[in-house]
Amino acid sequence: MAEKPQPRLAQDKLAFLLSLVPYLMDHDRVSVSDAAKQFGVDEEHIREAVRLIGVSGIPGETSTYQHGDLFDIAWDDFEDNDQIVLTNLVAIDDSPRFSAREAAALIAGLQYLSALPENADRAAIASLMARLSRASSSEPTQVAVEASETDSTLSLIRESVAKGVQLGFDYQSSRGETEHRTVDPVRVESVDADWYLRGWCHLREAVRTFRLDRISNPVVTMEPITHAASDVNLPDTLFEGSSDDLLVTIDVAAAAAPLLADYIPDDAVSTELDGRVRTTVRVSHYHGLKRLIASMPGVATVVAPDEARAVVAGWATAGAARYRN
Amino acid sequence: MSTPKPAPRIPVEERLFSLVLALLATDSGLTKDEILSTVQGYRQKFTRSGDNSSLERQFERDKDDIRELGVPLETIDSPGDPGNNQNLRYRIPRGAYELPSDITFTSEETALLALASMVWREGSLSAESRRAVLKIRSLGGETAEPVLGYAPRLRVRDVAFDPLRTALEKHVIVRFAYLKPGEAEARVRTVAPLALVQHQGRWHLFASEPDSGINKTFLLRRIVSGVDLTKTTFDAPTADQTEKALAGLDEVWQAHVAVVEVEPGSDAATRLGKRRGSTTTDAGTLELHYSDINIVADELAGYGPEVLVLSPPELRSAVISRLERTAADHG
C-alpha cells in the first residue's frame, strides 16, 4: 500500500498555475513569449500550463464539470498565434498570499541585501518587509540575518559602473604581495560574509575575482572601460580550477567534511574510517592550504604529499614560536 | 469538451489545482465524500460504497501540500454533528487566500525582491523564495534592471536548519545533542525554538528551556545529532524574537575583546583590520570583538605567525595549544 511521496515538483507547478491565472486575467491578451519573460520561464512551460488551465475548473452544480464550470481560452488564437486570451473564468479572482515560510525567506534575503549601497534606504526596506508580512497567510517564521557592514568600496564600484570607467586599487594576494590593478567591474558577488568583485583585469588581461577586504585605496578613474558586462563571459564558479592546481590528501572529521566542500573536486574519492574521512582537496598553492588546515586544528590533517605536510607544520611551528620569545 | 472522459492518469498538479479551485468556489464547504467523488483527479479513483482508504490518505497528503504553499485550507465542524469527521466540511476562504488588494510593489522593489530570492544558494529557503517571487510576478509589474550585476549568496550548510525551521513554524519542542564550545561531551537539550538568526556569518538557534523559561542561544554547527521534533507544542512567541536574539548576540560580541599584534602588510593585518568593530590602538595593536572563544581561536590559529594574541590569557593559551596540535599532527 506504500505510496511514493509526491515529488516537490507538483507543489511548484501548482504555485505556478495559481500565479499565472491572475496574471492572464489582468491581460486581455498576452503572447506566450511575454508571459514567459514575465515569469522567467521557457515558453513551453507557459504553453503546458495554459493547456491545463484551459481544461480545468470546478465540479459545479451538476458535479460533472459542465462547460460553464471550466476556464476557457481562445484555442485558435493560442494554437495558431501563440496568444493567450481567457474567455471564461472560474473560482480565482486574485494572486495568492505568501506562506509564512515564503515571506520569511524573502525578508531574511532583504536583510542581507540591505548592505548594498543602493539599498541603503532603511525606511524603504522596512516598508517592503512590512508589506511582505501583511501579504503572508500567517505570521512569517522567525528567521533573520544580521545586515552585513556596508563597505565603502561597494559604493565606488557602483559609481565606476554607472560612469562606465575603470576602477583602480591596490590588491593584496593571500601571499601578502601587493600590486596595483585597474579593473572594468562586471559583478559583485558574496559568499556568506565575504564580498568579491569580478571584472576584467587590465594587468592580467583576463577575468579575475577580487576579495573586497583585500582591496585598498580604491579610486574611480577617468579611463573608460574597454570590456562592458555584456562582452565578458563570467564562469559560474567564483574561482576556476586550473591545471596547475595541487591535489592534497587529507583526513577530516566526518562532521566537518561539509565545511571543505568547496575545495573537494567532484571526482574525489572519499573513504570513511572511524569517523574520519580521507579525501582530496584542490588548492592553487600551499599558502592557502596552510591557513585552511591551521584553522581546523585536530579536525583536519594533511596526509600527503610530504611537502604539504611540511608547509603546514612549518606554519604552525612558526606561529607557536612567537609565544616563546 | 463538456464532460472530459476519465483519464487513466491525472497529473498530480492537475488534481491539486482542481482541489484548490473547488474549495475556493464553495462558501459552505465540501465534505470529504463530496470532494473524493466529484473533484478531478479523485473522482476517477473513487469507488461508490467501496473502500476509498488509499484515496483518503492521498487527500490528507494533498491538504498538507496545499497548506504548505500558504493556501488557508480550513475545516468547519458540522453544527448538527460536531466531532464527526465524516461531516467535516473543507473550504478555502477567499479573503484569507487572496493577496490584499492594496499590496503593490514598484518595479524597483520587484527587482530587489527577485534579488532577495537569489540570496539563498540552496535548500528550502531557495525554493520558497522562488515561489514567493512567482506570486509577485503574477501581479504583473515590470522588473527594473539593476545597474550593476549583484550575486549575493548565503549558504545554509547546517543540516539542523530545515528541521528547526519546521519546528519554529509548528511551535513544537525539539530535542538534539549539543556540543557546547569548550566541552568534550555532547549533551541532549530539550528546548522551545523561538528564532533562527545569522550573526557574524553563523547561524544560531534562539530558544527557551521549557522548565526554567530561560532563553539560550545555540550555534547550529555544534548541534551534533539529528533534530527530533516532539509532539509537545508551546504558545506562539511574540513577533520580536529575531530582534531579541540578534540584540543578545551583539551584546556578547561587544563584551568580548581580544587584543592582538598583527604582522604589518600581512593577510591577517588586511582582513582582521577591516573587520567590523576592529580598532587599531596607539601602540599599534588591534582590538577585535568576538562571540565565542573556541571559534575565534580556530580562526586566529589559521593566521600562524601573522598574529600574536596578547589578551585575554585564555584566548592566548587556546591559540597556542591549537598551533602546537597542528604542528604535532604534521610532524
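The values are calculated or read from the model by the stated rules, or taken from the named source; none is laboratory data. On a predicted model such as this, the values are computed, not experimentally measured, just so you know. Glycine also receives a Cβ, built like all others from the backbone with ideal geometry; neighbour counts cover every protein chain displayed.
Within the option set A:Asp184, A:Asp94, being surrounded by 16 or more Cβ atoms within 10 Å (Cβ to Cβ), under 30 Å from B:Asp27 (Cα atoms), of a type in the set (D, E, K, R) and touching a strand residue (DSSP E or B) at 6+ places or on another chain (Cβ under 7 Å) holds for one residue only, A:Asp94. For the range B:127-172, filtered to residues that are of a type in the set (Ser, Thr, Tyr) and more than 8 Å from every other protein chain (Cβ to nearest Cβ), the residue that is nearest to the chain's Cα centre (by Cα) is B:Thr166. Which of the residues spanning the range B:272-297 are under 20 Å from B:Ala255 (Cβ atoms) and assigned to a helix (DSSP H, G or I)? B:Leu272, B:Ile293, B:Asn294, B:Ile295, B:Val296, B:Ala297 - these are the residues of the range B:272-297 that are under 20 Å from B:Ala255 (Cβ atoms) and assigned to a helix (DSSP H, G or I). The set of residues from the range B:65-82 being under 25 Å from the mean Cα position of the chain (by Cα) and among the charged types (D, E, K, R) comprises B:Asp65, B:Arg67, B:Glu68, B:Glu74. Considering only residues of the range A:115-134 that are part of a loop (DSSP other than H, G, I, E, B) and surrounded by fewer than 23 Cβ atoms within 10 Å (Cβ to Cβ), which is nearest to the other protein chains (Cβ to nearest Cβ)? Checked the range A:115-134; the qualifying residue nearest to the other protein chains (Cβ to nearest Cβ) is A:Ala115. State whether one or more residues within the range A:92-101 are more than 7 Å from chain B (Cβ to nearest Cβ) and aromatic (Phe, Trp, Tyr). No, every residue in the range A:92-101 fails to be more than 7 Å from chain B (Cβ to nearest Cβ) and aromatic (Phe, Trp, Tyr). The residue that is farthest from A:Arg187 (Cα to Cα), counting only those in the range B:67-110 that are charged (D, E, K, R) and part of a loop (DSSP other than H, G, I, E, B), is B:Asp81. Contact annotation: residue pairs with Cβ atoms under 7 Å, 6 or more positions apart or on different chains, pairing a residue in the range B:31-53 that is surrounded by 16 or more Cβ atoms within 10 Å (Cβ to Cβ) with a partner that is at pLDDT below 90 and of a type in the set (Ser, Thr, Tyr), are B:Thr38/A:Ser63; B:Gln40/A:Tyr65.
Scanning the range A:287-310 for residues that are in a helix (DSSP H, G or I) and either modelled with pLDDT of 90 or more or facing another protein chain (nearest Cβ under 7 Å) (or both) gives A:Leu289, A:Lys290, A:Arg291, A:Leu292, A:Ile293, A:Ala294, A:Asp306, A:Glu307, A:Ala308, A:Arg309, A:Ala310. Listed here are the strands (runs of 3 or more DSSP E) enclosed by the range B:111-206 that have at least 2 residues being assigned by TED's automatic domain parsing to the domain that holds B:Glu299 and within 30 Å of A:Asp26 (Cα to Cα), and there are none. Do we find a residue being under 14 Å from B:Thr75 (Cα atoms) and in contact with an Asp or Glu (Cβ under 8 Å, 6 or more places away or on another chain) anywhere in the range B:30-38? Yes; the residues of the range B:30-38 include at least one that is under 14 Å from B:Thr75 (Cα atoms) and in contact with an Asp or Glu (Cβ under 8 Å, 6 or more places away or on another chain). No other residue among B:Leu134, B:Leu164 is in contact (Cβ under 8 Å) with a residue 60 or more places away in the chain and in contact with a helix residue (DSSP H, G or I) (Cβ under 8 Å, 6 or more places away or on another chain) apart from B:Leu164. Within the range A:141-166, restricting attention to residues that are in a loop (DSSP other than H, G, I, E, B) and at pLDDT 85 or above, the residue that is surrounded by the most Cβ atoms within 10 Å (Cβ to Cβ) is A:Gln142.
Residues checked against (1) among the basic types (Lys, Arg); (2) within 24 Å of B:Phe161 (Cα to Cα); (3) modelled with pLDDT of 90 or more:
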position	(1), (2), (3)
B:His199	no, yes, no
B:Val262	no, no, yes
B:Tyr290	no, yes, yes
B:Pro305	no, no, yes
